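Rule-based calculations on the coordinates, nothing more; no lab input. Keep in mind it's a predicted model, so treat the numbers as computed, not measured. Note that each Cβ is placed from the backbone with ideal geometry, even for glycine, and that neighbours are counted across all protein chains shown.
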Amino acid sequence: MNLLEVRNLKVYFPVQHRLFRRATQFLRAVDDVSFIQNAGETLGLVGESGCGKTTLGRSVIRLVEPTSGSVLFEGEDISRLSGSALRARRRKFQMIFQDPYGSLDPRMTVEQIIGEAIDIHKLAQNSAARGKRIEELLKDVGLDPTHAQRYPHEFSGGQRQRIGIARALAVEPRLIVCDEPVSALDVSVQAQIINLLKDLQRAHGLTYLFIAHDLAVVEHISERIVVMYLGKVVELAAARAICRSPRHPYTQALISAVPVVDPDAKRSRIFLPGEVPSPIDPPSGCPFHPRCPIAEARCKTEAPPLRELAPGHRVACHLAK
Ligand code: SF4
């Protein structure tokens with residue numbers, strides 16, 4: 001069953017001219033993105049820094065206002081909601097941030113941080129129920145409930161991320177946007193947090209939109225993966241298909257950079273020339289053409305549509321087969 005449907009979503013940020021102080025250009029952070037996410041699924045969102053994946057994740061849950069397009073959550077277009085109607089829906093979608101310390105108020109105890117979310121949405125009938133719920137949540141994320149009166153700085157990075165997860169869980173969401181939730185953590189702690197997220201998903205029927213630049217992490221947790229380049233989706237398929245047989249030249253380059261554990265496995269690295277172009281003035285035709293190793297003449301003028309090359313495997317490339 002669809003939980004989330006994103007249709008032709010665009011997020012353009014106005015760029016002010018230095019002299020005229022008015023927007024003369026737009027930064028196309030998300031440029032006509034569409035996808036469907038099933039309930040209980042983890043959908044990975046990957047791409048280089050600046051490809052628009054974080055803006056897409058935030059706009060899906062209305063932390064960033066979409067410029068156009070729609071976001072259907074449980075069949076309802078939440079991109080049109082405002083005021084109390086939006087506030088009432090907000091508890092169904094939460095976010096876990098990359099920097100667990102920066103996203104936790106250092107002046108609040110863990111009990112206050114988690115309790116605040118419960119209070120805002122009036123999810124406990126009295127203080128005893130509130131306290132019990134906080135205790136349960138701390139246990140769920142593997143923290144000691146007797147530490148509820150401690151402050152964020154008294155915890156390690158991994159423990160702080162667990163507090164952020166408990167805060168997100170406190171309002172019983174259906175969808176959690178995980179924005180690079182492990183990239184600031186040590187590798188051993190990364191695995192613990194990923195395993196915790198998987199356990200919680202099973203226990204609570206959660207749906208994750210999992211944003212990361214590390215394809216190895218995304219492959220491990222996701223059922224399907226969306227690859228973005230310059231605000232657009234260039235490939236979307238099952239995680240295994242993306243990682244074992246990528247069809248878009250950009251995805252192939254990303255995969256070639258992932259370290260291979262098996263010493264006998266051979267994979268030659270594909271180095272892309274140049275930098276990612278500016279999303280303020282993206283290239284014509286296929287936005288990847290200035291860096292594409294197999295570009296041909298029409299790639300400079302014709303934008304490739306996202307075509308379905310195999311069931312559930314869509315690629316935006318004229319030459320992909
Ligand atoms: Fe490369 Fe052309 Fe395919 Fe774009 S459409 S990825 S430039 S081959």
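A few notes on this one:
- The chain: angle of helix 187-204 to the longest principal axis, Cα-based, in degrees nearest 10: 70
- Dipole moment magnitude, nearest 20 debye, segment 189-289 about Cα centre, only Lys, Arg, Asp, Glu C-beta charged: 260
- Charge dipole (Cα centre; +1 on Lys/Arg Cβ, -1 on Asp/Glu Cβ; no other charges) of the chain amounts to roughly 680 debye.
- Computed extension gain for A88 through N2, at 0.36 nm per residue and net of the alpha carbon distance, reaches 28.9 nm.
- Top positive-direction residue, dipole computed over segment 2-159 with Cβ charges, set T54, T24, L81: T24
- Computed about the Cα centre, the dipole magnitude for segment 3-113 is approximately 540 debye when only Lys and Arg (+1) and Asp and Glu (-1) carry charge, each at its Cβ.
- Extension gain (nm, one decimal) between D32 and T146, 0.36 nm per residue minus Cα-Cα: 36.3 nm
- For Y229, nonlocal amide neighbours, meaning residues 5 or more places apart or on other chains whose placed amide H falls under 5 Å from its own, are V234.
- Amide H contacts for M95 (H built 1.01 Å from N in the peptide plane; partners 5 or more residues away or on another chain; cut-off under 5 Å): V177.
- Over 23 Å between alpha carbons, listed pairs K139/K198; K300/K321; K198/K321: K198/K321
- The chain: antiparallel DSSP beta bridges as a percent of all, rounded to 5: 65
- For the Cα trace of segment 1-93, dividing Rg by the Kirkwood Rh returns an Rg/Rh value of 1.03.
- Loop-exposed GluC sites (Glu not before Pro) per DSSP, neighbour cap 12 Cβ within 10 angstrom, longest uninterrupted part of the chain: 1-274
- Relative contact order of segment 51-174: 29 percent, from C-alpha pairs under 8 Å at least 6 residues apart in sequence.
- Residues whose amide H lies under 5 Å from that of D31, counting only those 5 or more places away or on a different chain, are V11, K232; hydrogens are built 1.01 Å from N in the peptide plane.
- Against the main long axis of the alpha-carbon atoms of the chain, helix 127-140 sits at an angle near 50°.
- When the Cα positions of L209, A117, P283 are compared along the charge dipole of the chain, P283 comes out farthest toward the positive end, with charges on each C-beta of Lys, Arg, Asp and Glu.
- Simple spin-label estimate for Q25 and K300 in nanometres, 7 Å along Cα-Cβ: 2.1
- Taking 7 Å steps out from each Cα toward its Cβ at L123 and D281 produces label points 4.8 nm apart.
- Positive dipole terminus of the chain, leading residue within L272, A257, Y229 (C-beta point charges): Y229
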